[in-house]
Amino acid sequence: MNSSTVHSGRFSPDLARKLAAGIESGLLTNLHAVTVAQRGQTVLAHYESGSDENWGTPLGTVQHGPETLHDLRSVTKSIVGLVYGIALDRGLVPPPDAPLLAQFPDYPDLGRDAARTSLRVEHALAMTLGLEWDEFNRPYTDPENSEIAMENAPDRYRFILERPIVTAPGQHWTYSGGAVALIGALIARGTGKSLPDFAREALFAPLGIMQFGWSAGRDGIASAASGLRLHAPDLLKIGTMLLDGGTFQGQRIVSRDWLDQSFTHRVEAEDGLRYGWLWFLGEAPVDGTARRWIAGFGNGGQRLWLQPETGIAAVMFAGAYNRPDAWVTPTRIWREIVLRNFTEG
């Protein structure tokens with residue numbers, strides 16, 4: 001175990017000890033890393049040893065630290081949303097209100113399907129395509145899981161776009177790695193670069209993020225849904241940049257307009273949560289007052305939490321992959337360790 005409080009600010013001075021007590025008690029399990037910053041100052045950095053994997057491939061027991069790459073799983077979706085926004089600001093990708101099938105002219109038969117012509121790019125960003133998709137009811141170890149079936153399909157984009165229509169676009173949220181795979185395709189086609197290469201140029205390099213991994217399917221296409229691997233401090237740096245309105249060290253990385261659009265409530269999600277454009281939205285109390293938060297969630301307990309009003313960014317990495325209770329540990333840390341030990345003053 002390696003834990004340190006770098007700067008306390010308005011946090012309880014025994015913040016690190018309270019986290020350690022939660023781990024020792026068995027209430028916080030499968031934890032790999034926790035990093036927290038407030039107004040750009042790191043207040044907590046904690047790393048554990050634990051069993052890990054890389055996109056389903058076992059890595060054995062890993063001693064995690066600030067220079068250990070870790071799967072983000074579906075937090076990748078939120079990062080892809082940022083990359084799309086940067087490409088949009090450069091005029092390289094179609095806007096959210098653009099017809100979706102028009103961006104895939106290689107499927108003319110689908111484009112002639114009148115029932116699909118109302119699909120727009122924004123429906124992929126909000127996961128409201130209205131197409132049949134099941135990632136919730138089947139584990140990712142099941143080949144019938146829609147994301148796994150997409151990865152195994154001879155053509156991932158046709159697989160997504162030809163799914164049966166179950167609701168009108170824009171009406172119902174359905175969690176879908178396929179939706180963000182389409183966004184990844186728009187980025188690659190519009191920029192003329194692979195998704196990882198454009199992300200490196202447009203997002204990672206300007207932030208000084210020099211090392212990352214990005215898992216790809218058998219077709220060589222990087223997974224926009226779940227493939228990104230980052231160091232915990234680097235994901236925290238992205239979070240801090242977002243809380244600074246899309247700027248880093250005075251340099252504009254992502255437009256404030258795109259962040260405002262992304263963090264706007266678009267649709268009701270599962271479990272009482274709300275959804276923007278590839279970001280989860282909700283509220284949590286601080287000093288007895290509900291404050292909004294923005295987050296990327298990933299399989300196994302991966303989290304990037306942001307609370308704009310308090311300036312708090314928090315990253316959690318864990319190894320509870322494919323477990324239905326994987327949400328418990330990161331949620332406890334966010335609500336009971338981080339926010340409960342912060343005073344707005």
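The values are calculated or read from the model by the stated rules, or taken from the named source; none is laboratory data. Everything quoted here is computed from the prediction, not taken from an experiment. So basically every Cβ, Gly included, is an ideal-geometry build from the backbone, and we count neighbours across all protein chains shown. All accessible areas refer to the heavy atoms of the entire protein, side chains included, with ligands and DNA or RNA removed. Shrake-Rupley method; radii C 1.70, N 1.55, O 1.52, S 1.80 Å.
Of the solvent-accessible surface of segment 90-196, computed with a 1.4 Å probe over protein heavy atoms with every protein chain present, carbon and sulfur atoms account for 52 percent. Summarising the amide proton neighbourhood of Ser49: residues at separation of 5 or more, or on other chains, whose placed amide H is nearer than 5 Å comprise His64. Computed with a 1.4 Å probe over protein heavy atoms only, the accessible surface of segment 16-142 comes to 41 Å² per residue. With θ taken as phi - 60° and the Karplus curve 6.51 cos²θ - 1.76 cosθ + 1.60 applied, the whole-hertz 3J(HN,Hα) list for segment 269-275 is 9, 6, 6, x, 8, 10, 9 Hz, x standing for glycine and proline. A simple rule links phi to the HN-Hα coupling: the Karplus curve 6.51 cos²θ - 1.76 cosθ + 1.60 with θ = phi - 60°, which for segment 284-296 gives 8, x, 9, 6, x, 10, 5, 10, 6, 10, 10, 8, x Hz, with x for Gly and Pro. Electrostatic tally near Pro206: other residues with Cβ closer than 12 Å to its Cβ, Lys and Arg +1, Asp and Glu -1, net +2. Helices in the chain that qualify as membrane-span-like (whole DSSP H runs, Cα extent of at least 20 Å along the helix axis, mean Kyte-Doolittle hydropathy of -1.0 or higher) are 75-89, 177-191. Charge tally around Leu19: other residues with Cβ under 11 Å, Lys/Arg +1 each, Asp/Glu -1 each, net -1. The helix-only estimate of mean residue ellipticity at 222 nm for the chain, built from DSSP H runs of length n ≥ 4 each weighted as -39500 (n - 2.57), is -7000 deg cm²/dmol after division by the residue total. Applying a DSSP loop filter and a limit of 14 other Cβ atoms within 10 Å to the GluC sites (Glu not before Pro) in segment 31-79 leaves Glu67. Only Cα sites of segment 90-184 enter the Debye sum here, all with the same form factor; the resulting log10 I(q)/I(0) across q = 0.12, 0.16 1/Å is -0.35, -0.62, listed in q order.
Measuring between their Cα centroids, segment 186-210 and segment 19-65 lie 27 Å from each other.
The Cα atoms of segment 177-313 define a convex hull whose projected area, averaged across directions, is 9.3 nm². Summing Lys and Arg as +1 and Asp and Glu as -1 over all other residues whose Cβ lies under 13 Å from the Cβ of Ile148 gives a net charge of -3. What the Cα atoms of the chain give is an Rg and a Dmax of 19.5, 63 Å. When the chain is treated as a Gaussian network with alpha carbon springs shorter than 10 Å, the biggest mean-square fluctuation among Ala185, Ala33, Ala102 belongs to Ala102. Backbone phi angles across segment 319-324, fed through the Karplus curve with coefficients 6.51, -1.76 and 1.60 (θ = phi - 60°), yield HN-Hα couplings of x, 8, 4, 6, 9, x Hz in residue order; Gly and Pro are listed as x.
On a full-extension model of 0.36 nm per residue, what is the gain between Thr247 and Asn54, subtracting their alpha-carbon distance, rounded to one decimal in nm?
Difference between extended and current length: 66.4 nm.
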